[in-house]
Amino acid sequence: MSISADACFAEIIGLHDFFEAWLRGAVPATAATFARFLGVTDPEFTIVGPDGAISDLPATAAWIRAAHSARPGVRLWTDNHRLHFADDNIAVVTYLEWQERDGATTVRRSTAVFHAHPTAPNLVSWRHVHETWLENTSDA
């Protein structure tokens, strides 16, 4: 059975909800709370940021951990979720990530590679993400 689109979309939304709460300081800065991120990222996780910089899991986790309460008014959401490929072990999904803070809204297109993870909340784990800035909302 292939990884489902619904599982991937639920994971994208759920993790971004966590990011918003973490950045706002709406959740405690505890290991138990941060486990929402660490529990769904593969040990070999990598991300290519919109500036082209590549980060591994330790660097990404350190940045996110340090950003707790750093953006109290941020709003974060995703939409336009699309499944491009899925089999029993791997899925490739794209989505738009929107951020609103300090009166400005930005958007980036993200491609995520998930793999099956039977103990993760949505049964998938993040393996790789590639983000690209979009110049304006008409590009979305």
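Candidates are the residues of region 47-78 that are in contact with a helix residue (DSSP H, G or I) (Cβ under 8 Å, 6 or more places away or on another chain) and assigned to a helix (DSSP H, G or I); the one that is surrounded by the most Cβ atoms within 10 Å (Cβ to Cβ) is 64.
Note on region 1-41: residues that are surrounded by 15 or more Cβ atoms within 10 Å (Cβ to Cβ), aliphatic (A, V, I, L, M), part of a helix (DSSP H, G or I) and free of Cβ contacts under 8 Å to residues at least 60 places away in the same chain amount to 2.
Return yes when residue 81 is of a type outside the set (Ser, Thr, Tyr), outside any loop (DSSP other than H, G, I, E, B), modelled with pLDDT of 95 or more and in contact with a helix residue (DSSP H, G or I) (Cβ under 6 Å, 6 or more places away or on another chain) and no when it is not. Yes, satisfied.
Of the listed requirements (1) more than 24 Å from residue 101 (Cα to Cα); (2) modelled with pLDDT of 95 or more, residue 1 misses just one: (2).
Residues in region 90-126 that are more than 15 Å from the chain's Cα centre (by Cα) and assigned to a strand (DSSP E or B) were compared, and the one that is surrounded by the fewest Cβ atoms within 10 Å (Cβ to Cβ) is 104.
For region 44-74, filtering for residues that are within 18 Å of residue 16 (Cβ to Cβ) and without any contact (Cβ under 8 Å) to a residue 12 or more places away in the chain leaves 2.
The values are calculated or read from the model by the stated rules, or taken from the named source; none is laboratory data. Every value quoted in this text rests on a predicted model; they were computed, and no experiment measured them. Here the Cβ is made from the backbone with ideal geometry for all residues, glycine too, and neighbour counts use every protein chain on show.
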